[in-house]
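**Student:** Take this structure first; my questions come after.
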Amino acid sequence: MNLKAILKTATITELSAGLKNKNFSSVELTTAYLERAKALNDKTNAFITIDEEFALKSAEKADELINKGKQKPLTGIPLSVKDNICTENIKTTCASKMLEDFTPFYDATAITRLKKQGAVIIGKTNMDEFAMGSSSGTSYFGGVKNPYDLTRVSGGSSGGSAAAVSASMCVAALGSDTGGSVRQPAAFCGITGLKPTYGAVSRYGLIAFASSFDQIGTMAKTAEDCGILLNAIAVKDEFDATCHTAPFKNCLKDMEKGVEKLKIGLPKEFFGDDISGDVKSAVFNAAKTFEKMGAEIVEVSLPDLKYAVAAYYLISSAEAASNLSRYDGIKYGHRSKTGKSYEDIIKNSRSEGFGDEVKRRIMLGNYALSSGYYEAYYNRAVKIRQKLKAELDDIFKACDFILTPTAPTTAYKIGSFDKNPVKMYSADICTVTANIAGLPAISTTCGYDKKGLPIGMSLMGKAFSEATLIRAASTFEKVFERREAQL
Ligand code: GLN
């Protein structure tokens, strides 16, 4: 069996069947992925750590389970994990000098769940430092490159996970999504990315950026694979008080039902002048395809979308300033070798350990929270958040989900926004609302621009409507011709 050829298009479902039929073992499969991951990492910089030894040991265990007839959907399946999700005995750096030497002594709950099924984790993926960014260019370990065009960004902040899946260095991956970090890189790298409802997946062991937005999400080449991963990790967890008591049992039910009679909203505010022509027409074409398959398209409106990016950056930076205050070089993180007093050590450690973008967020967050400015900034942002939630509640009375672009453009050249971070922030316009309102959203490829770069569309629905979103995205994927990255 030529595993090398299979990897380029393989899905979890297919690999799982191959393992079951003994076409190959998990050790063989993992070895093949490891070889590809190592060979392509120089080009893509998708991984910060590739842990061969651990991966092969896990694969051996998985083969034993399979031989005993105890195979689960993820048994023996090679996956990768974003480097802000804690993995026992494997370095978890958040792509920051601050945590360069941090090796957790425990697993995030999502990882425990993957291991319980006998999944194989081959490594930890690159990202924007502390998940702050939209390009994966703020990593302390250098930026990630897009497998469709190595001169372009992979998107961010889960750009390493997206590039790893897109370049078939693993079959699927975990990312995290605070303002779009699973969906936007999925769109840029031509794969599928699912951000679950807030509280569907435990945040225990996910290194905090903005706690009221953060969610672990799943990334793969198909919506169905994203669902297989979500089924594995979405459980009640006593270690995270915001984790829902009864997340869905199976987000892959009724998959054969298609999209007939579903009402799909097109919110006009998502198709403004800031969205490129290629992206708009690809998403409109997708809407037509859904219509042909029996769905009904309705126009809806989200009038306050224009405030979403500002509200998101204010609240998320405020939460980040608080969350990141723990890195003092004393209890946590990089410790400076200079400075005599306690205060100096803290100051120097933080100055050396954090990169520019992280410092910018901490300053913005502390400013927005400081007395005299709190009412004008933080409080108003929280009011916008409530208003957007209410507007979305109304929209979902009229339709099952909304269809929007995932990002205003396709992947841009590396370094394009280096001098203009606010311009990069404004490009998060299509994704932040799902996080502001805690709603689920899935991005899948719906076209390619003239340069052959993937275009993503997003489906966003009411809380815990993942099954509908996955089913609709998957129905579209069955009639859409996806093109693999040629790496
Ligand atoms: N691009 C957004 C930001 O920089 C989202 C990041 C994320 O989802 N982690 O904050």
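**Student:** Restricting the search to region 169-183, which residues are more than 9 Å from the ligand (Cβ to nearest atom) and more than 21 Å from Ile470 (Cβ to Cβ)?
**Tutor:** Step one: filter region 169-183 for residues more than 9 Å from the ligand (Cβ to nearest atom), giving 169-174.
Of everything in region 169-183, just one residue is more than 9 Å from the ligand (Cβ to nearest atom) and more than 21 Å from Ile470 (Cβ to Cβ), namely Met169.
**Student:** So if I check each of Ile346, Ile395, which one is touching a strand residue (DSSP E or B) at 6+ places or on another chain (Cβ under 8 Å), more than 16 Å from the ligand (Cβ to nearest atom) and in a helix (DSSP H, G or I)? Please lay out each step first, then the result.
**Tutor:** Details: Ile346 fails: touching a strand residue (DSSP E or B) at 6+ places or on another chain (Cβ under 8 Å).
On inspection, the qualifying residue turns out to be Ile395.
**Student:** In region 442-470, how many are surrounded by fewer than 23 Cβ atoms within 10 Å (Cβ to Cβ) and not hydrophobic (A, V, I, L, M, F, W, C)? Quick ask: steps written out before the conclusion?
**Tutor:** Taking region 442-470 first, the residues surrounded by fewer than 23 Cβ atoms within 10 Å (Cβ to Cβ) are 447-453, 462-465, 467-468.
Going one step further and asking which of them are not hydrophobic (A, V, I, L, M, F, W, C), we end up with 447-452, 462, 465, 468.
Qualifying residue count, region 442-470: 9.
**Student:** Follow-up question, since we're still on this one. Check region 27-46 and report whether any residue there is in a loop (DSSP other than H, G, I, E, B), buried (at least 19 other Cβ atoms within 10 Å of the Cβ) and in contact (Cβ under 8 Å) with a residue 12 or more places away in the chain. Show your work before the answer.
**Tutor:** Here is the first cut: in region 27-46, the ones in a loop (DSSP other than H, G, I, E, B) are 45-46.
With buried (at least 19 other Cβ atoms within 10 Å of the Cβ) added as a condition, the list becomes 45-46.
Pick out the ones that are also in contact (Cβ under 8 Å) with a residue 12 or more places away in the chain and you get 45-46.
Yes, that holds for at least one residue.
**Student:** OK, next. Could you list, ordered by first residue, the pairs with Cβ atoms under 6 Å in which the first is in region 145-162 and closer than 17 Å to Arg482 by Cβ and the second is open to solvent by 10 Å² or more (accessible area, probe 1.4 Å) and more than 16 Å from the ligand (Cβ to nearest atom), at least 6 apart or interchain?
**Tutor:** Asn146/Arg152; Pro147/Ala485; Pro147/Leu487; Tyr148/Ala485
**Student:** Kindly list the number of the only condition in (1) within 13 Å of the ligand (Cβ to nearest atom); (2) buried (at least 24 other Cβ atoms within 10 Å of the Cβ); (3) in a loop (DSSP other than H, G, I, E, B); (4) of a type outside the set (Lys, Arg) that fails for Ala186.
**Tutor:** For Ala186, the exception is condition (3).
**Student:** Continuing with the same structure: Looking at Val165, Val235, Val201, which is the one that is away from the ligand (no atom under 12 Å from the Cβ) and at pLDDT below 95? I'd like the intermediate steps shown before the answer.
**Tutor:** Details: Val165 fails: at pLDDT below 95; Val201 fails: at pLDDT below 95.
Exactly one of Val165, Val235, Val201 is away from the ligand (no atom under 12 Å from the Cβ) and at pLDDT below 95, namely Val235.
**Student:** Please find, among Val422, Val432, the residue that is within 16 Å of the ligand (Cβ to nearest atom) and either free of Cβ contacts under 8 Å to residues at least 24 places away in the same chain or of a type outside the set (Val, Ile, Thr) (or both). Steps first, please.
**Tutor:** Values: Val432 fails: either free of Cβ contacts under 8 Å to residues at least 24 places away in the same chain or of a type outside the set (Val, Ile, Thr) (or both).
Exactly one of Val422, Val432 is within 16 Å of the ligand (Cβ to nearest atom) and either free of Cβ contacts under 8 Å to residues at least 24 places away in the same chain or of a type outside the set (Val, Ile, Thr) (or both), namely Val422.
**Student:** Which one is nearest to the chain's Cα centre (by Cα) among residues in region 87-117 that are under 22 Å from Ser136 (Cβ atoms) and among the acidic types (Asp, Glu)?
**Tutor:** Taking the candidates together, the pick is Glu100.
**Student:** Here's another thing I want to ask about it. If I ask for residues that are among the small types (Gly, Ala, Ser) and part of a helix (DSSP H, G or I), which ones from region 256-310 would you list? Lay out the reasoning, then the answer.
**Tutor:** At the first step, the residues of region 256-310 found to be among the small types (Gly, Ala, Ser) are 258, 265, 272, 276-277, 281-282, 286-287, 294-295, 301, 308, 310.
Correct list: Gly277, Ser281, Ala282, Ala286, Ala287, Ala308, Ala310.
**Student:** Right, something else. Yes or no: Gly372 of a type in the set (Gly, Ala, Ser) and open to solvent by 40 Å² or more (accessible area, probe 1.4 Å)? Show your work before the answer.
**Tutor:** Numbers: of a type in the set (Gly, Ala, Ser): yes; open to solvent by 40 Å² or more (accessible area, probe 1.4 Å): yes.
Considered against the rule, which asks whether it is of a type in the set (Gly, Ala, Ser) and open to solvent by 40 Å² or more (accessible area, probe 1.4 Å), Gly372 comes out as yes.
**Student:** Out of region 247-294, which residues are in contact (Cβ under 8 Å) with a residue 60 or more places away in the chain and of a type in the set (Gly, Ala, Ser)?
**Tutor:** Gly258, Gly265, Ser276, Ser281, Ala282, Ala286, Ala287
**Student:** Which condition from (1) part of a helix (DSSP H, G or I); (2) open to solvent by 30 Å² or more (accessible area, probe 1.4 Å) is the one that Gly415 breaks?
**Tutor:** Looking at each condition in turn, Gly415 falls short on (1).
**Student:** Looking at region 47-76, which of its residues are in a strand (DSSP E or B) and either surrounded by fewer than 16 Cβ atoms within 10 Å (Cβ to Cβ) or not hydrophobic (A, V, I, L, M, F, W, C) (or both)?
**Tutor:** The one that is in a strand (DSSP E or B) and either surrounded by fewer than 16 Cβ atoms within 10 Å (Cβ to Cβ) or not hydrophobic (A, V, I, L, M, F, W, C) (or both): Thr49.
**Student:** OK, next. Restricting attention to region 106-146, which residues are of a type outside the set (Ser, Thr, Tyr), assigned to a loop (DSSP other than H, G, I, E, B) and either within 16 Å of the ligand (Cβ to nearest atom) or closer than 29 Å to Arg360 by Cβ (or both)? It would help to see each step written out before you state the result.
**Tutor:** We begin by selecting, within region 106-146, every residue of a type outside the set (Ser, Thr, Tyr); these are 107-108, 110-111, 113-124, 126-133, 137, 141-146.
Retained after the next criterion (residues that are assigned to a loop (DSSP other than H, G, I, E, B)): 107-108, 117-119, 126-128, 132-133, 137, 141-144.
Result: Ala108, Asn126, Met127, Asp128, Met132, Gly133, Gly137, Phe141, Gly142, Gly143, Val144.
**Student:** Considering only residues of region 204-226 that are within 16 Å of the ligand (Cβ to nearest atom) and hydroxyl-bearing (Ser, Thr, Tyr), which is least open to solvent (accessible area, probe 1.4 Å)?
**Tutor:** Among those residues, the one meeting the criterion is Thr218.
The values are calculated or read from the model by the stated rules, or taken from the named source; none is laboratory data. Everything numeric here is computed off the predicted structure, so don't read it as measured data. Heads up, the Cβs are rebuilt from the backbone with ideal geometry, glycines too, and the neighbour counts pull from every protein chain shown. Surface accessibility is based on the protein's heavy atoms, side chains included, excluding ligands, DNA and RNA. Shrake-Rupley method; radii C 1.70, N 1.55, O 1.52, S 1.80 Å.
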